[in-house]
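Presented below is the structure to which this report refers.
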C-alpha cells in the first residue's frame, strides 16, 4: 500500500510540473462551457428582419408588432417597394423579410384569406428554417386571435407544451455534451498519453522489473486522473447550474456516481489505447481520431441520432458517450432515478469490463 | 548456489527462436559481460532473467529463485538499468531516489539516510533539489546506476548502460561497477563496446540465439589467436 502511495505521489509531481497540460485540463472545461453556452447557440434572439407593409392598416401593423413583441425578431428596416428586398438581403443585414400585400385587414375579413409572404435567407438553412417556424407560429396565433372575435364554430386547437426544457435552451443540450467530452478527454486521452510516456522514456521497463505488480502500476497511473476528471465534472456541473440555470432534478449522488462510472469507462478505453500504442504521439492521435471525433459526431451531442441513417444510428450504440449523455439528461432534466437509467448504466459498466478485459489480454500477450 | 543459473533456457516467438537453449552460470560478485550483435538474443535472455518474459523452455534461477514461479522474489532481489535512460526528467534528484526507494519497499528513514550517502558519494549534494533534466548525461547515468542498486540487490542487470556517454564518464561508470562488485554485488552487463568487454571477469558471446563462446577475455583471445576482444567478436559474428 505504501508503494502505491509513493507511486501516486510521483504521478502528481508529473501532472503539477507540466503547467501547460494542467492549464488545458482545468482551463478547457471552463472555456468550452462558456463557448457552448454563450457563443455557439441555436436559439434565435432578435433576428433582424425587414418589413414591406403595403397595406399599413390596423391589422397589418399589429401583425408586425406581434413578431417583434415575441423577442425573436427585431425590425431592422421598413421597405417601400419590392425592389428594395433584394438589396436588403444582399447587404446581409437581415435574415428574413415579411411582405404584407395591400388591404390586409379587408382581405382577411371579407375574402376570408389574406396572403402574407415570408422570405428567409437560406444561405444558412438551419437558421432560416427556425426563423420561418417561429414566424409561422406567431402568425398562426394572431390569426386565431382574430378568428376568436368572429366566433367560427369548428376548429382544432393544438396546445403545445415543451416538456423538461420549456424554454428550449440549447445549453441544456450542451452542458451534458461538454461534460461527456471533457471527461472522455481527460480520462481516456490523458491516461493513454501518460502510460505510453513511460513506455517511450523506457521507465515502464524499470517499473515492470520492480516488485510493483503490473495492475498496481496501471492503477497508480490512472488514479490521479480519476480525481482530476471528477473535479472537472464538478466544475462543469457548477457552471451549468450556476451560470446557465441547468436544473438537477434527480439525485445529485446518483449523478456523481454515474460520472464516476463514465470516468472509469473512459479510463479503461485509455488503458486499452495504451496497450496497443507505444508512443505518446500515436496515443494522442488514436484518442483524438478514435474517440473524440466519433463522440462529437455520433453521440447525439451535436447531431440528433434520430435523424441519422439507420446504419449510423445503430453505430451510435457502441459510443459510451451516447449512453452517458442519456443518463445525464434523464437525471438532470427529468429527475430520473436509478430504476429509470439502469439500462444505460448497465451498458456503461459492461463496456468498462469489456475494455479492461481486452487490455489485460493484450498486456499478457506482450509479456509472454 | 550461484546467483544466476540457466539450463537450456529457450524463448520462441512463433517459429522464431530468439534464445536457443542457453546454459551458463554466473558466480557471486562476478562481472559477467553478455555480448552479441543486435538481434542475437541478448535482450530476450535478459528479459527472461528479470522476470519480464516467460521462457518457452529450459530452466533459470536468479538469486536462487525460479523465474517461472517466483518472479516476485526475483524482482525484489535484482536491480535493473536499461540502455535508455531510466530516471524521471521532471522529478528532482531526491524525488527520483525517494520514488525508486519507495517502490522497492524501503522506509522513509532508510531512504533519507541512503539519499544523503549517495549524493555525497556522487558529489551531487548541491544538485539534490534540481530537476534531473538539468543534469549532464554522464551524471544522470551514474545516478541511474546508484538508484538501480539503492535497495542493495544481490544482482544488478545493466542493459548497455554506457550508450552515448563520453569515454571519461564511461571509465568513471566502470569504477562504480567495480565498487559494487567489490561489495559482493553480481553484475550482469550487456555492451557494444569491446573495450568494456575487457573489464569483465568473464564474457559470453551470443550468435543467433546461442552462446558461442564463454570464458575470461584473456582465454578467449588466446583461443581465437587475436590480441583484442574486437577480433574475437568479429570472428564469431562472421565465422558461420
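Exactly one residue out of A:364, A:339 is surrounded by fewer than 16 Cβ atoms within 10 Å (Cβ to Cβ) and within 14 Å of chain B (Cβ to nearest Cβ), and it is A:364. Residues in the range B:135-151 that are within 14 Å of chain A (Cβ to nearest Cβ) and assigned to a loop (DSSP other than H, G, I, E, B): B:149, B:150, B:151. Residue check: residue A:94 meets all listed conditions (1) within 14 Å of chain B (Cβ to nearest Cβ); (2) assigned to a loop (DSSP other than H, G, I, E, B) but one, namely (1). In the range A:298-312, the residue that is nearest to residue A:183 (Cα to Cα) out of those that are at pLDDT 85 or above and surrounded by fewer than 16 Cβ atoms within 10 Å (Cβ to Cβ) is A:312.
Among the residues of this structure, residue B:141 does not count as one that is farther than 26 Å from residue B:1 by Cα, surrounded by 18 or more Cβ atoms within 10 Å (Cβ to Cβ), at pLDDT below 90 and touching a strand residue (DSSP E or B) at 6+ places or on another chain (Cβ under 8 Å).
Out of B:28, B:55, report the one residue that is at negative phi and either within 11 Å of chain A (Cβ to nearest Cβ) or surrounded by 15 or more Cβ atoms within 10 Å (Cβ to Cβ) (or both). It would help to see each step written out before you state the result.
Details: B:28 fails: either within 11 Å of chain A (Cβ to nearest Cβ) or surrounded by 15 or more Cβ atoms within 10 Å (Cβ to Cβ) (or both).
Of B:28, B:55, the one residue that is at negative phi and either within 11 Å of chain A (Cβ to nearest Cβ) or surrounded by 15 or more Cβ atoms within 10 Å (Cβ to Cβ) (or both) is B:55.
Criterion applied to B:112, B:94 was being surrounded by 15 or more Cβ atoms within 10 Å (Cβ to Cβ), farther than 22 Å from residue B:154 by Cα and more than 20 Å from the chain's Cα centre (by Cα), and the one residue passing it is B:94.
A single member of B:45, B:63, B:40 is more than 12 Å from every other protein chain (Cβ to nearest Cβ), modelled with pLDDT under 90, touching a strand residue (DSSP E or B) at 6+ places or on another chain (Cβ under 7 Å) and buried (at least 19 other Cβ atoms within 10 Å of the Cβ), and it is B:40.
Scanning the range B:78-106 for residues that are under 16 Å from residue B:134 (Cα atoms) and either at the interface with another protein chain (Cβ under 7 Å from one of its Cβ atoms) or part of a loop (DSSP other than H, G, I, E, B) (or both) gives B:85, B:86, B:87, B:88, B:89, B:90, B:91, B:95.
Scanning the range A:112-131 for residues that are at pLDDT below 80 and in a loop (DSSP other than H, G, I, E, B) gives a single hit, A:112.
Collect the residues in the range B:107-127 that are in a loop (DSSP other than H, G, I, E, B) and either within 10 Å of residue B:146 (Cβ to Cβ) or within 13 Å of chain A (Cβ to nearest Cβ) (or both), keeping them in residue-number order. So that I can check it myself, show each step before the final result.
Pass one, the range B:107-127, residues in a loop (DSSP other than H, G, I, E, B): B:107, B:122-124.
Residues satisfying the conditions are B:107, B:122, B:124.
Annotation: residue B:69 fulfils all but one of (1) more than 12 Å from every other protein chain (Cβ to nearest Cβ); (2) part of a loop (DSSP other than H, G, I, E, B); (3) under 26 Å from residue B:198 (Cα atoms); the unmet one is (3). Per the listing A:207, A:185, the residue uniquely within 14 Å of another protein chain (Cβ to nearest Cβ) and assigned to a helix (DSSP H, G or I) is A:207.
Determine, yes or no, whether residue A:188 is in contact with a strand residue (DSSP E or B) (Cβ under 7 Å, 6 or more places away or on another chain) and either at pLDDT 85 or above or within 30 Å of residue B:43 (Cα to Cα) (or both).
Details: in contact with a strand residue (DSSP E or B) (Cβ under 7 Å, 6 or more places away or on another chain): no; either at pLDDT 85 or above or within 30 Å of residue B:43 (Cα to Cα) (or both): yes.
Against the criterion (in contact with a strand residue (DSSP E or B) (Cβ under 7 Å, 6 or more places away or on another chain) and either at pLDDT 85 or above or within 30 Å of residue B:43 (Cα to Cα) (or both)), residue A:188 does not qualify.
Here's the yes/no breakdown for (1) loosely packed, with under 14 Cβ neighbours inside 10 Å; (2) part of a helix (DSSP H, G or I):
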position: A:14; (1), (2): no, yes
position: A:20; (1), (2): yes, yes
position: A:23; (1), (2): yes, yes
position: A:27; (1), (2): yes, yes
position: A:33; (1), (2): no, yes
position: A:36; (1), (2): no, yes
position: A:44; (1), (2): no, no
position: A:50; (1), (2): no, no
position: A:55; (1), (2): no, no
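Name the residues in the range A:282-294 that are over 16 Å from residue A:191 (Cβ atoms) and surrounded by 12 or more Cβ atoms within 10 Å (Cβ to Cβ), would you?
So in the range A:282-294, the residues over 16 Å from residue A:191 (Cβ atoms) come out as A:289, A:293-294.
Once the filter is applied, which keeps residues that are over 16 Å from residue A:191 (Cβ atoms) and surrounded by 12 or more Cβ atoms within 10 Å (Cβ to Cβ), the range A:282-294 yields only A:294.
Screening the candidates A:274, A:359, A:278 for the property of being in a loop (DSSP other than H, G, I, E, B), more than 24 Å from residue A:254 (Cβ to Cβ) and touching a helix residue (DSSP H, G or I) at 6+ places or on another chain (Cβ under 7 Å) yields one hit, A:278. Looking at (1) surrounded by fewer than 19 Cβ atoms within 10 Å (Cβ to Cβ); (2) within 14 Å of chain B (Cβ to nearest Cβ); (3) more than 29 Å from residue A:177 (Cβ to Cβ), which is the one condition that is false for residue A:6? Residue A:6 satisfies every listed condition except (1).
The values are calculated or read from the model by the stated rules, or taken from the named source; none is laboratory data. This structure is a prediction, so every number in the text was calculated from the model and none was measured. Cβ coordinates were reconstructed from backbone atoms using ideal geometry, including for glycine residues, and neighbour counts include every protein chain displayed.
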